Amino acid sequence: MPANACTLLLIAITFISVVSFMPWPRSIQSARHHVRSDAAVPVELFVMSKCPDKVFCENVFSQVLDEVQVPVSLDVNYIAKANQSEEYQYECKHGPSECLGNIQELCFKHVYPDYHQWFEFDLCLNEKYESIGNGDGLAEDCAGQLGLSFARVKDCIESGKGVELLGESVKRTQSLGVEKSCTVYIDNRLRCIHDGTWKDCDGGYEVEDFVKSIEDAYQG
Ligand SMILES: *[C@@H]1O[C@H](CO)[C@@H](O)[C@H](O)[C@H]1NC(C)=O
């Protein structure tokens, strides 16, 4: 092989390695926009961890977050019902494994509060959403894929902190009277619901429509 072909190949390999190991391209992007982070627009999703509508909704908001040009404070809260006789002290529509899934996602968010980390974890779980909460295997794999330690997340899940976080999350959901997964709030207002299909979405439900709502809220 001629020397300059080798050089090109080396440059290409180096480029691909660097790009594929860059952990958080979005955080670089958002750092540029975090000039007025105190005014970040709240975006909240209310979900059940094993619900297909949650998977759909979070995929849409993953694109929204990629496109939006203003700071966002993302949160995800959970729909469940307190019941002391249940395994995790809460009743979840898709069974106890969904309660564990909610707890895994909440504990991950607790340990890694930057949404560029915890939301990627949720999106990773979603790829095998039917296996969410069938033990910790999937959650550990996803933490590994993100290059983040699962140890403190596991401590949170097993210590009772997890159930406490679920309680706070459910309280937030119930305070707004939210019952459907997935319900979307933007700037503290009900914006849209995905329950089989999109419903109650004045302002539209395309990625660009959500981006516009967030950017309009930021402009005030
Ligand atoms: C609480 O859970 C138990 C066990 O699954 C069930 O039998 C009971 O009906 C539930 N209670 C309420 C108020 O839903």
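The values are calculated or read from the model by the stated rules, or taken from the named source; none is laboratory data. Given the structure is predicted, the values throughout are model-derived calculations rather than measurements. Glycine gets a Cβ as well: all are built from the backbone with ideal geometry, and neighbour counts include every protein chain shown. Calculation scope for accessible area: heavy atoms of the full protein, side chains included, ligands and nucleic acids excluded. Shrake-Rupley method; radii C 1.70, N 1.55, O 1.52, S 1.80 Å.
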- Just one of (1) out of contact with any helix residue (DSSP H, G or I) (no Cβ under 9 Å at 6 or more places or on another chain); (2) of a type outside the set (Lys, Arg); (3) under 16 Å from VAL47 (Cα atoms); (4) part of a loop (DSSP other than H, G, I, E, B) trips up ASP202, so point out which. (3)
- Message: I'd like to check something: does the stretch 97-107 contain any residue that is closer than 20 Å to ASN134 by Cα, out of contact with any helix residue (DSSP H, G or I) (no Cβ under 7 Å at 6 or more places or on another chain) and surrounded by fewer than 22 Cβ atoms within 10 Å (Cβ to Cβ)?
- Response: yes
- Query: Would you call ILE193 of a type in the set (A, V, I, L, M), open to solvent by less than 50 Å² (accessible area, probe 1.4 Å) and free of Cβ contacts under 8 Å to residues at least 40 places away in the same chain?
  - Reply: yes
- Number of the exception - SER213 against (1) open to solvent by 20 Å² or more (accessible area, probe 1.4 Å); (2) part of a helix (DSSP H, G or I); (3) farther than 22 Å from ASN59 by Cα: (3)
- Task: Could you please give the count of residues in the stretch 107-132 that are aliphatic (A, V, I, L, M) and within 12 Å of the chain's Cα centre (by Cα)?
- Result: 2
- Item | Cβ-Cβ under 8 Å pairs, at least 6 apart or on other chains, the stretch 63-91 side more than 17 Å from GLY133 (Cα to Cα) and open to solvent by less than 60 Å² (accessible area, probe 1.4 Å), far side in a loop (DSSP other than H, G, I, E, B) and within 16 Å of the ligand (Cβ to nearest atom) | ASN83/GLN89
- Can you tell me which residue in the stretch 23-61 is most open to solvent (accessible area, probe 1.4 Å), limited to those that are modelled with pLDDT under 50 and not in a helix (DSSP H, G or I)? PRO23
- Kindly establish whether SER175 is over 19 Å from the mean Cα position of the chain (by Cα) and modelled with pLDDT of 95 or more. yes
- Item | Selected residue [in contact with a His (Cβ under 9 Å, 6 or more places away or on another chain) and open to solvent by 20 Å² or more (accessible area, probe 1.4 Å)] from LYS161, LYS199 | LYS161
